[in-house]
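First comes the structure, then the notes that go with it.
The values are calculated or read from the model by the stated rules, or taken from the named source; none is laboratory data. Being a predicted model, the structure only gives us computed values, none of them experimental. Here the Cβ is made from the backbone with ideal geometry for all residues, glycine too, and neighbour counts use every protein chain on show.
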Amino acid sequence: MSNIFTEQPWIADTGPIAPALSGAEIAMHSRRSALKVLLSVVSIFFMLMIVAYGGRMLYQDWQPTPQISLLWANTGLLLLSSLCLQAALMWARADKVHWVRGALVGAGVLTVLFLAGQLTAWQQLTSMVLGDFSNPSVGFFFMITGIHGLHMAGGMVALVRAIRRAFGQSDARAMEHNVSNCALYWHYLLGVWLVVFGLLFTGNNFEILLRICGFI
Amino acid sequence: MFAAIVLLVLVLGTVVFHFLSPWYFTPIASNWSSMDDTITLTFVVTGLGFVLCNGFIAYCIIKFRNKEGRRAEYEPESVKMETWLTGLTTVGIAAMLAPGLLIWKDVVTPPDDAMQLEVLARQWNWSYRLPGEDGQLGAVAVSHTSEQNPLGIDPSDPFGQDDVIIYDPVMHLKVDQPVTFLLRSTDVLHNFTVPQFRVKMDFVPGQVTYIWAEPTEPGSYDLLCEELCGVGHYAMRGRVIVDTEESYAAWLADQPTFAETQAELSTDLVAGQAGYAVCSSCHGVNAEGNKAMHAPRLAGMDSEYMKRQLRHFKRGVRGTHEDDTWGRTMAPMAMMLGDAAAINNVVSYIGTLSGQAEFDDSTNLGLAAAVERYEPSASGDPAKSEALYLSTCAQCHGESGEGVWTVNAPALTGLEDWYLASQIKNFRDGIRGRHADDLYGLQMGLVANTMTDDQAIQDMVAFISTLENPQQPVTLAQQN
Amino acid sequence: MEHIAHDETSFVRPAEVGEMELYHAKTWLGKYVFSQDAKTIAIQYAATAIAIGMVALVLSWFMRLQLAWPNTFTFIDPAYYLQAVTMHGMIMVVYLLTALFLGGFGNYLIPLMVGARDMVFPWLNMISFWVYFTAVLLLAASFFVGGGSTGAGWTLYPPQAILPGTPGSEAGILLMLASLAVFIIGFTMGGLNYVVTILQARTRGMTLMRMPLTVWGIFVATVLALFAFPALFVSAIMMSLDVLLGTSFFMPAIMTMGSEADHVGGNPLLFQHLFWFFGHPEVYIVALPAFGIVSDLISIHARKNIFGYRMMVWAIVIIGALSFVVWAHHMYVSGMNPYFGFFFATTTLIIAVPTALKVYNWVLTLWQGNIHLTIPMLFSIAFLLFFINGGMTGLFLGNATVSMPLSDTLFVVAHFHMVMAVAPVMVVCGAIYHWYPKITGRWYHEGMARFHFWVTFVGSYLVFLPMHYLGIMGVPRRYFEITGTTFLPDSAQNVNASITIAALVVGVAQIVFLYNLIVSAFNGKKAPGNPWNATSLEWQTETTPPGHGNFGKELPCVYRWAYDYSVPGVEEDFIPQNVPPRNAQTEGAQ
């Protein structure tokens, strides 16, 4: 392998050249790196919304979103579905087909429950006194949870495909690549949710953070 | 070869254009000459870079262009040369950046002796507020803002009572007195720019921004909004007049405080009736107007608008243009009204009048010939002007012609068609609204410019007469 | 220069498998409309971008007509003028230049130049185009809705963008925001493809440091776009919610049309920060591909390796990275905390160093070269003039103090047109003329191309040079007309009129350009496979235009960088990237 920092590109090759990758290998590497790039784009996306939220928080008239305890339960659901996928990945590596299928379906069901729970949380918030849109924190709540939910729903498309593939073949090791991509996505969105939930929607944690950083 | 020559011509042409063309900064009139110096420095450094780089390109084209048997050199890179070039560029850039940062420090720190002046920008006009004798500006809020309290000063705040209100786009400053402009907007983004002062800053609704300058040359300067703020952006003009100390004091003494503007709101209708006597000879006993005398109906006319026009007539801002025959007739009449209170009383009294004619004015034919110029053509086609009205006129005068007070745009419904036509023409032709102090007039003039031919004006008037103002149930059409 | 002789069989191991599974279209629709071939998608992108760009060009004529002869053309009223300003800016920046450089050139050149059969996700690539096409349709639809398209300026600043008093504040702005959101979704699909193709699907021997600079420019620009567009996406969502749900992200307590609005507590500056966090990288999203392409054009047509290749690559990367920390230089007079000015003026001027280095390296590539004044070379030289000029005025505007008298004037307009409108367009034209023989297999009409070049080159300079001086005099931008001021001489109007005449002439020349491109594609002289004697892989394809799958049976193997021009000891003045060292040697080299 050549080093991007030290390579002197004007010197033509004098050593043997690495063999070509197969089409399947290229496709596998490509999907993995596309997922990584996508997740970094998603990170920027959520980071910007968090920064905007923090910037708005610095104003005097700030009122935090009312607490919704259902969100804790939803967090648990998302955590479990993420664990399911991790388990599925383990079992895929250990070549235990039936276990993989079960874990994938479990993850799917838990995710659907999570989304339903989020919708219920929206309804609860709407019915609360402070839940009118002129309160900026409420606007942020709907926007950020909504966008996170859309990302989960998008992930479901990939998960459903993985499940169909899992039921269509008996070689668990062939599923590994798919399952590990789903697992990465789920872990990542769980992480995003924990940050968002922890900072923004569980009391004034973010304000404490801003205070520590010296912004207030 | 030809390419090299064209390149050289463009580069040298640029230099020649820079030095020989008459187009450059307007002369500075503030303390920010240091800003001009950094610009000159930047011109020197970048100009040199521009000429050298492009000159070198032209040289290369001439010297190294393809000829029979020519072969290029092979040289992948030269770290030494690249390091040198990077170093030189860094030095040049530092030479421009360092003075820039030093002066920026002055820009962001107003001096301690700067006086405070609040500028209120609103679609699409300017007003101002000075702190008054207590040296402190009173609290303000959008929720206090109304036609009676246009700056939105908190009536319960004692600091606000003595604030000096300048509800007019023309502001006066004292020469050699540093001013911190506190910029406040109640609707959208705007920008405060006096080209001769060099500094500028945006208004952001919801917060107060600032910029400071010290005017050094007495004179009259344009104030422009340079942040796109809607359809009227280009017509959002103001004026800053830099006075000597004495004339500034004289001007300031004439400006009302907030408490005074609130006191003016109570009116004396009896005095108003007496004052109206002289007006009634032309405008009619019931303010119904007299077309033959070219006196418009006043009943139903926007009262803040009438007050402003009376002040303008009195101060010679309106009715002084030599072609403005009827305005010139009005001006001496307005002189008869003593002070702001008298104007206020008369306008209040007009507000009580019915506008119904007691006799049929069509019998009064004496001045028919003079009126002809203003006769609206029967061929006015409302459909042709609807788009222009809705895209442009409605932005200030409202979709149903009801007028919008924050824009200082009077209601158009209730005005007679001949009067509307004549005034739009006057605005367009520069007969009205071109006095230096009549910036609302200038605004209307700029917009009237879009109606280049008279037919367009007839169409517009025809369209306006179809409007129904919900706040004013009796429309022009119905009255006629 | 020493080459170690190898036995070719030990040197290159044979490709072990057929590299990529390609989707082969079976129907006409699948081949030409919903094509998954990056080359077809590239042409679809380019055609759509140029078509909507022509609309924006016509809008600029309307603006110029009004500015030169105010109120002569009565269909241009103040509201229409602002709509033209807004749509012209937004279309040119996002829907033309971004789409053309990344969707057009990116799709065509990335697979060919890195030696891949196609993009790694051809289906996603096809969807990406159709999503982009939808975005263009949404944008065009806004011309026809009630109230017309938005007239808030391409920056779409709230509160005015969504309040009465601004044209298109009802449906126009919503369509614009929706169109941008759709565009970003489509772009993200395409962008993933470009990045992953470059990272994963390069052919054997194509190390990152051997990629042509064109690929580097497009690669870094795509990464910038992937990271910058989310900011625009977030702000578009937030502004839409302010309109549709009555949230107050950007809307403080304000009056509108004489009465109090329902909003309370929003912050308009938040939008500006988000917008420019996208907006400044956007400048480089347009500029970096242009930098890359022009490097290749200069090198090929001067028959000389690009000078300081490694420095050029790192300059692109550094410029891209720095472009994320300079955004507030668009906001010196926005009312943000003025102390930010110190930081952003410094970062902005630092960017000038790598940028200047790139200019030096282009110029040094000409030095001691063998310059063929072909059409692509002429456009490259024109690019240099415009870019140097625009870069220099950037030093005025990047420096907070110097920029203050100039901000919001026509100086700014002239600056960004020089640096990110005309300069990249010069590269676009040069690139189209350069790759036209490869894309169509035919030559364009040389005379028409020269006419197009000279008129565009000289004309554009005559448009934008005097415009700086209008700005210096103090003429504000986005003004429907400037009469009624006391500080502007009457001659300012003559400057405006002359600019308009030049702009119209340049506009007409573009029609000649398009005519030449379309007609020559059918009637042009047949072109050989490598007419410029260039080294990079796209010129080494078996067929011209390249067929489905780009290369023949086996993908090429790369032994050298793309800049082996006039190598000493070699008879030909170029060595293609896929020529093994032994074969390139001649008697002189031993």
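Looking at B:Asp437, B:Asp429, B:Asp417, just one residue is without any contact (Cβ under 8 Å) to a residue 60 or more places away in the chain, surrounded by fewer than 24 Cβ atoms within 10 Å (Cβ to Cβ) and either not assigned by TED's automatic domain parsing to the domain that holds B:Thr186 or not charged (D, E, K, R) (or both), and that residue is B:Asp417. Read through the list (1) free of Cβ contacts under 8 Å to residues at least 60 places away in the same chain; (2) part of a helix (DSSP H, G or I); (3) over 16 Å from C:Val359 (Cα atoms); (4) at the interface with another protein chain (Cβ under 9 Å from one of its Cβ atoms), then give the number of the only condition that B:Arg71 fails. Condition not satisfied by B:Arg71: (2).
Residue count for the range B:108-118 under the criterion of being among the polar types (S, T, N, Q) and either in a helix (DSSP H, G or I) or within 7 Å of chain C (Cβ to nearest Cβ) (or both): the result is 0. Among the residues making up the range C:422-459, a single one is closer than 18 Å to C:Asn533 by Cα and within 14 Å of chain B (Cβ to nearest Cβ): C:Gly430. Only one of the numbered conditions (1) at pLDDT below 80; (2) small (Gly, Ala, Ser); (3) over 30 Å from C:Thr440 (Cβ atoms) is violated by C:Ala25, and that is (3).
Within the range C:497-508, the presence of a residue that is more than 30 Å from C:Phe464 (Cβ to Cβ) and away from chain A (no Cβ under 14 Å) is excluded. Taking the criterion of being within 9 Å of another protein chain (Cβ to nearest Cβ) and in contact (Cβ under 8 Å) with a residue 24 or more places away in the chain, the only residue of the range B:453-463 that qualifies is B:Ala456. Taking the criterion of being among the small types (Gly, Ala, Ser) and crowded, with 17+ Cβ neighbours inside 10 Å, the residues of the range A:159-184 that qualify are A:Ala162, A:Ala166, A:Ala172, A:Ser180, A:Ala183.
For the range A:147-160, state whether one or more residues are part of a helix (DSSP H, G or I), touching a Lys or Arg at 6+ places or on another chain (Cβ under 8 Å), closer than 30 Å to A:Ala24 by Cβ and among the aliphatic types (A, V, I, L, M). No: zero hits. Against the numbered list (1) β-branched (Val, Ile, Thr); (2) touching a residue at least 40 places away in the same chain (Cβ under 8 Å); (3) in contact with an Asp or Glu (Cβ under 8 Å, 6 or more places away or on another chain); (4) within 10 Å of another protein chain (Cβ to nearest Cβ), B:Ile153 comes up short only at (4). Just name the residue that is farthest from B:Tyr440 (Cα to Cα) out of those in the range B:189-205 that are touching a helix residue (DSSP H, G or I) at 6+ places or on another chain (Cβ under 7 Å) and not aliphatic (A, V, I, L, M). Only one residue tops the list, namely B:Arg198. Across the range B:257-270, the number of residues qualifying as crowded, with 17+ Cβ neighbours inside 10 Å and over 30 Å from B:Gly138 (Cα atoms) comes to 0. Determine if the range C:270-290 includes at least one residue that is farther than 30 Å from C:Gln577 by Cβ, over 26 Å from the mean Cα position of the chain (by Cα), in a helix (DSSP H, G or I) and of a type in the set (A, V, I, L, M, F, W, C). Yes, the range C:270-290 contains at least one residue that is farther than 30 Å from C:Gln577 by Cβ, over 26 Å from the mean Cα position of the chain (by Cα), in a helix (DSSP H, G or I) and of a type in the set (A, V, I, L, M, F, W, C). The selection criterion, being within 14 Å of chain C (Cβ to nearest Cβ), at pLDDT 80 or above, surrounded by fewer than 19 Cβ atoms within 10 Å (Cβ to Cβ) and more than 30 Å from A:Ser134 (Cα to Cα), holds for A:Thr6. For the range C:511-525, the criterion of being of a type in the set (Lys, Arg) and away from chain B (no Cβ under 14 Å) is met by at least one residue.
One residue stands out among those in the range C:339-349 that are in contact with a Leu (Cβ under 7 Å, 6 or more places away or on another chain), facing another protein chain (nearest Cβ under 8 Å) and surrounded by fewer than 22 Cβ atoms within 10 Å (Cβ to Cβ): the one that is nearest to B:Cys53 (Cα to Cα), which is C:Thr346.
Here's the yes/no breakdown for (1) under 24 Å from A:Trp10 (Cβ atoms); (2) at pLDDT 95 or above; (3) hydroxyl-bearing (Ser, Thr, Tyr):
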position: C:Gly549; (1), (2), (3): no, no, no
position: C:Tyr559; (1), (2), (3): yes, no, yes
position: C:Glu571; (1), (2), (3): yes, no, no
position: C:Arg582; (1), (2), (3): yes, no, no
position: C:Gln585; (1), (2), (3): yes, no, no
position: C:Ala589; (1), (2), (3): yes, no, no
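No other residue among C:Met257, C:Met251 is surrounded by 22 or more Cβ atoms within 10 Å (Cβ to Cβ), in contact with a helix residue (DSSP H, G or I) (Cβ under 8 Å, 6 or more places away or on another chain) and at the interface with chain B (Cβ under 9 Å from one of its Cβ atoms) apart from C:Met251. Only one of the numbered conditions (1) within 14 Å of chain C (Cβ to nearest Cβ); (2) surrounded by fewer than 18 Cβ atoms within 10 Å (Cβ to Cβ) is not met by B:Phe181, and that is (2).
If you go through the range C:314-338 and pick out every residue that is under 25 Å from the mean Cα position of the chain (by Cα) and either away from chain B (no Cβ under 11 Å) or within 26 Å of C:Ser407 (Cβ to Cβ) (or both), you end up with 16. Whether any residue in the range C:121-138 is part of a loop (DSSP other than H, G, I, E, B), over 27 Å from B:Glu399 (Cβ atoms), away from chain B (no Cβ under 14 Å) and not aliphatic (A, V, I, L, M) is what I want to check. Yes.
Looking only at residues of the range B:79-107 that are polar (S, T, N, Q) and facing chain C (nearest Cβ under 7 Å), we find that the one that is farthest from C:Phe396 (Cα to Cα) is B:Thr86. Selection of the range B:190-206 for residues being surrounded by 24 or more Cβ atoms within 10 Å (Cβ to Cβ), within 7 Å of another protein chain (Cβ to nearest Cβ) and of a type in the set (A, V, I, L, M) yields B:Met201, B:Val204.
If you filter the range B:395-437 down to residues that are hydroxyl-bearing (Ser, Thr, Tyr) and part of a helix (DSSP H, G or I), you find that the one that is nearest to the other protein chains (Cβ to nearest Cβ) is B:Thr406.
Residues that are touching a residue at least 60 places away in the same chain (Cβ under 8 Å), within 14 Å of chain C (Cβ to nearest Cβ) and either polar (S, T, N, Q) or part of a loop (DSSP other than H, G, I, E, B) (or both) within the range B:119-144 comprise B:Gln123, B:Trp124, B:Asn125, listed in sequence order. Screening C:Met418 against (1) farther than 28 Å from C:Thr543 by Cα; (2) away from chain B (no Cβ under 14 Å) leaves a single unmet condition, (2).
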